[in-house]
Each structure stands twice: as structure tokens, then as C-alpha cells.
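Input: a single structure, listed below in C-alpha cells.
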Ligand code: FAD
């Protein structure tokens, strides 16, 4: 009530999509099909994650370069500073700059052992804010950083987490992309608190359309995102109904995006998990339409 229906959404939303680097040829094919399926929606950028501890350094690089080279999309490379010296990180960043990649999602990362307390590499960047400053010294990269509507687990409190976000933006980042969440209210509260803390940069909600609650709950536990219990109820009895699970997943995520839109949000970042269908369907519900097929960059 009092909120626009899908039909009232104006087509003024902008989106970005996140992928992870594929491990096998089959996964590569899936990723590539997804990139091609989402490209006509004209995202602002697409980003490719960096595996824990830099484990996908080469694969992230290859994927970002291929997107940059073979599509009309702007590719952003995630880069973490865990377990690497400043020199090593600077080399990775230089290679991106040399291949025309201008956008980095700069992150601290987590230790490879699940749940282990973060320890900076002795010659490394101590946190994401230092990484942002280091990257900016190298080249005028466009930089996005992470934000946590439900607070990062390492943070003492919300204020400390916002101070940290502000340090990253003051160091030269131009936008924050949030960890996924399932409560629009949590996002709005965070956005208001950020504004009160003097943060005026764009804060882009990270949207994770989920069709497997149990799996997501495992992951959410590590990163501090709350999965409300009503979500279990919505997926109850659907274990053997993958098609219905997909439809329910799209409905939940689209409904959340609609509420975010009603609250003034105009930019969304989708965690695609390398599958196009859910993100594509949600974007469609939100009024986005595929642009005429985009010519290959090289053409
Ligand atoms: P930071 O901003 O450095 O902060 C981490 C925590 O430490 C915060 O709680 C902060 O308050 C605290 N902190 C930092 N500096 C200080 C200080 N000086 N004093 C006191 N407290 C401090 N991980 C990957 O491995 N690869 C990826 O590709 C990846 N992509 C991501 C994309 C998005 C959009 C998001 C939201 C997360 C992503 N992550 C990724 C996960 C991320 O690496 C972890 O959440 C990590 O634990 C924190 O990274 P950060 O960049 O937020 O760290």
C-alpha cells in the first residue's frame, strides 16, 4: 500500500551483475551464456569476484579481460589484499590497468581457513581502506567497496563499521556495494545511519536471489547476513520442485527490489551466481527491457 506496483516502475533503474570465475569448461560455458543473456539489459558494469586468499587470481583476470574484450560491457575486477604483499597486489592492479580495466572492487578478503581472524600480510595492506589508497596511488581507477547493512562480523558496532566505510570512501572509492540482505528496512536504516555519518556516496544494495535457503543460510552465517525464518516457510516442501523454487525465488527478490525502489533506490547489484535467469526475470519485472542486441565491441 502506498508503494508503486511493478507496473508503476519507471524504467529508471540501473543495475550491475556479479559473476565468479569458472573452474571448469562446463562452468565457463554457463558463465558465458549468462553474460550474453544479461548483456542486452545494458548494466552499468559487471564484476568478477576474486577467490578466497587470491586463489582465483589468474581466472579472475582471464574472465574480466574476456568480458572487456568480447562484449560491450564494462568489467570490474574484485581484488582482495589478504595473504599478499603490496607489491604483488600492485602487480595485479597494473596488469588490469594495462589491459584497459578501469574499475576495481577493492576488498580486504577473509583468511582461507573459515572463521579465522584476519591477519594482514607483513608487507601487505592492512584493510580495504589502505588498499583503496594504494590503488589510487597507482592509477585513477574507479573503485567500489563493500558495505554491510547488518554490520560486518569483525566490527565492534555499527558506528565503527560506518567509520570504516567512510575511511574507504575518503581514500578514493566512489561507491559502496552492500552484502546481501533480506530486509529492506535493514537497508533503509543503514542508508540513514550512513547519511548521518556524513557518507554521501552511492550505496548500492546487493541482491541475492535465492532458491536454496539451506545453502544460503550456511554462507550467510559466515558473513553476518540474517535470513528471516519466513523464508524457510516460503520454500517449505519445494525440495523436489526446482521450477517452483525458481519462481518463488524471483518473486521474493523482485518484491524486495520493489520496496527498495519505493524507498528511492535506483541502483541495484545482483549476485548472479553465474546464472542469468533469476536476475533477468527480476530486472524484467522491475521494468527493464533488453536493448537491441548490442554489437560486439570489435565490430
Ligand atoms: P574492510 O573494509 O577492511 O573491513 C573489515 C572489517 O574490519 C570491518 O568490520 C571493519 O569495521 C574492520 N576494520 C577495518 N579496518 C579497521 C581499522 N583500521 N580499525 C578498526 N576496524 C577496522 N571476498 C573475497 O574474498 N572475494 C571477493 O571477490 C569478494 N567480493 C565481495 C563483494 C561485496 C560487494 C561484498 C559485500 C563482499 C565481498 N567479499 C569478497 C567479502 C569480503 O572480502 C569480506 O566481507 C571481508 O571480511 C571484509 O572485506 P572488506 O573489504 O569489507 O574489509
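Laboratory data are not the source of any read-out in this text; all were calculated from the coordinates shown. For clarity, every value in this text was computed on a predicted model and none was experimentally measured. Don't worry about glycine lacking a Cβ; one is built from the backbone with ideal geometry, like all the others, and counts go over all protein chains shown.
Here is the size of the range 1-104 from its Cα atoms: Rg then Dmax, 16.3, 54 Å. Per residue, the convex hull around the alpha carbon atoms of the range 250-295 comes to 91 Å³. Note on the chain: GNM, Cα springs under 10 Å; of 240, 196, 154, the largest mean-square fluctuation is that of 240. Note on the range 77-234: Cα-only Rg and Dmax are 16.3, 50 Å.
The range 45-103 and the range 155-205 have Cα centres lying 24 Å from one another. Take every Cα pair under 8 Å whose residues are at least 6 apart in sequence, average their separation, divide by the length of the range 91-229, and the relative contact order is 22 percent.
With N denoting the number of residues in the range 55-159, provide Rg(C-alpha) divided by 2.2 N^0.38 Å, to two decimal places. If you can, show how the numbers build up before the last one.
Values: Rg = 14.3 Å, N = 105, 2.2 N^0.38 = 12.9 Å.
The reported ratio for this selection is 1.11.
Shape summary: the range 180-299 maps onto an equivalent ellipsoid whose semi-axes, from the alpha-carbon gyration tensor, are 24, 23, 13 Å in decreasing order. Between the beta carbons of residue 197 and residue 218, assuming R0 = 41 Å, the FRET efficiency works out to 0.85 to the nearest 0.05. Extension gain, residue 154-residue 10: 0.36 nm per intervening residue step, less the Cα-Cα distance, totals 47.9 nm. The mean sequence distance of close C-alpha pairs (under 8 Å, at least 6 residues apart), as a share of the length of the chain, puts its relative contact order at 24 percent.
Binning the C-alpha pair distances of the range 30-72 at 10 Å intervals from 0 yields a P(r) profile of 26, 54, 19, 1 %, listed from the shortest bin outward.
Shown here is the pair-distance distribution of the range 183-237: with all Cα-Cα distances grouped in 5 Å bins from zero up to the longest one, the shares run 4, 15, 23, 20, 15, 11, 7, 3, 1, 0 percent.
Among beta bridges from DSSP that stay inside the chain, the antiparallel ones total about 0%.
Can you give the Kirkwood hydrodynamic radius for the chain, in Å, rounded to one decimal and based on Cα pairs? Before the final figure, lay out the partial values.
Values: mean 1/r = 0.0504 Å⁻¹.
After inverting the mean inverse Cα-Cα distance, the result is 19.8 Å.
Listed by Cβ neighbour count within 10 Å, with the fewest neighbours leading, 284, 78 appear as 284, 78.
So if each residue of separation counts as 0.36 nm, and I subtract the Cα-Cα distance between residue 30 and residue 95, what length gain in nm does that give? Mind showing how you got there, number by number?
Details: separation 65, 0.36 × 65 = 23.40 nm, distance 2.61 nm.
Net length gain for the segment: 20.8 nm.
From Cα pairs below 8 angstrom and at least 6 apart in sequence, can you work out the relative contact order of the range 155-299, rounded to a whole percent?
Values: 124 pairs, mean separation 36.6, N = 145.
25 percent.
Projecting the alpha carbon convex hull of the range 127-199 along each direction and taking the average yields 4.7 nm². Pairwise inverse Cα distances across the range 147-240, averaged and inverted, put the Kirkwood hydrodynamic radius at 14.3 Å.
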